Amino acid sequence: MSEPRGPLTILGVGNVLRRDDGVGVHVVREIERLVERGEAMLPPGTAIVDGGLSGLGLSPIVAAARALVIVDAAAIPGPPGSVAVVDGDQVRSRAGRLAPGASDGVGELVDAARLTGTLPTAFSLVCIRPAETGPGPDLTDPVRASLGAAVLATLHEARRLDERTSALATSAAPDGRDLVGASA
């Protein structure tokens, strides 16, 4: 089970040497810059992680999180640079096939966390449609142009999941019993 008092984690994944495949890493780096300059606020205790190509090596980070936002390039509908948020419940379909927006690496990470019982109940995937994922260090123009929208979507999702998990944490007794609807 994930840690209810752990951090809200924003995890950017992808290969920055394969053009748009690295957009998840670029998004978390931009969020770090904005926070350092005081131009963006995150909930207290938020962890920002450049996951790169670590794949299943990210399992301990996922297990320690109370809530998780994964940012990745994904084949979502729309033109290159399109941004979509997929709620964690929709990352895998009932048939076990990848739902729109989930890359194979993210799917493996999510599956492993589900199997081990360490997947946070509150998680989302912020997807950016790539134009090109061949060799090269730079984002394509349409994906670079959507970086701001992807950052805003990620910040919004982080706040939403923080509110959701904060409400859950305040409704639990110190011994873990649910207090919603309890009377003295």
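Overview of results
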{"quantity": "Region 8-170: relative contact order as a whole-number percent, Cα under 8 Å and 6+ apart", "calculated": "33"}
{"quantity": "Value in Å of the Kirkwood radius, where region 8-170 supplies the Cα pairs that are averaged", "calculated": "15.5"}
{"quantity": "Part-to-part distance (alpha-carbon centres) for region 32-83 and region 108-151, which is given in Å", "calculated": "8"}
{"quantity": "For region 8-170, share of DSSP beta bridges that run antiparallel, in % to the nearest 5", "calculated": "25"}
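Each reported figure results from applying straightforward, stated rules to the coordinates on display, with no laboratory input. What you are looking at is a predicted structure, and each value in this text was computed from that prediction instead of being measured.
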